[in-house]
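Engineer: Handing you a structure now.
The values are calculated or read from the model by the stated rules, or taken from the named source; none is laboratory data. These numbers come from a predicted model, not from an experiment. All Cβ positions, glycine included, derive from the backbone under ideal geometry; neighbour counts span all protein chains shown. Just so you know, the surface numbers come from the protein's heavy atoms only, side chains and all, with ligands and any DNA or RNA stripped out. Shrake-Rupley method; radii C 1.70, N 1.55, O 1.52, S 1.80 Å.
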Amino acid sequence: MKNFEDKLNRLEEIADAIKKTDVSLEEAVNYFEEGITLARKMEKELEKIESKVQILMNNPVPPVLENKPEIGLFDDLN
């Protein structure tokens, strides 16, 4: 699965499938196993995202100035 949203959708499908009354025990266990594996992968992705956000919050990127001010201290040297 490509992105987090796809994984989340699949996890919801699995949850719906397990809730059905006509699912066999073996199918339910297989769904459960897939769901746990998927949830663990998603948890790792969220941890990575959270650490990126923390880094950005603690070390914000300085704003880029389009028109940088010129001081002109050394203009006379040319």
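Engineer: At 7 Å along Cα-to-Cβ for each site, give me the label-to-label distance between N58 and E13 in nm.
Structural biologist: In this crude label model, N58 to E13 measures out at 3.9 nm.
Engineer: So, one more: Ranked by accessible surface with a 1.4 Å probe, highest first, in what order do R10, R40 come?
Structural biologist: Working: R10 60, R40 150 Å².
Greatest to least solvent exposure: R40, R10.
Engineer: On to the next question. What spacing in nm lies between the two simple spin-label points modelled at V29 and K48, each 7 Å away from Cα in the Cβ direction?
Structural biologist: 3.2
Engineer: For I36, I14, give me the order by solvent-accessible area with a 1.4 Å probe, most accessible first, ignoring ligands, DNA and RNA.
Structural biologist: Details: I36 60, I14 5 Å².
Most to least solvent-accessible, the answer reads I36, I14.
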